[in-house]
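This report refers to the structure that appears directly beneath it.
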């Protein structure tokens, strides 16, 4: 959770464009991973119900 918050702060307050882009892409990848995990869990549960 702490790393997630660090990414948000770095995205907002970094002076360097490369750091902002890197933090934004990492944040996007993290959110996509959570989304895929949630979808996989829901699909797996729907199989058994």
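Since every read-out is calculated from the coordinates, none of them should be taken as a lab result. Since the model is a prediction, treat every value here as computed from it, not as a measurement.
Restricting things to alpha carbons, tell me how big region 2-48 is in terms of Rg and Dmax, in Å.
When restricted to the Cα atoms of region 2-48, Rg and Dmax are 14.7, 50 Å.
So if each residue of separation counts as 0.36 nm, and I subtract the Cα-Cα distance between residue 39 and residue 12, what length gain in nm does that give? Walk me through the intermediate numbers first.
On the way: separation 27, 0.36 × 27 = 9.72 nm, distance 2.88 nm.
Roughly 6.8 nm would be gained on extension.
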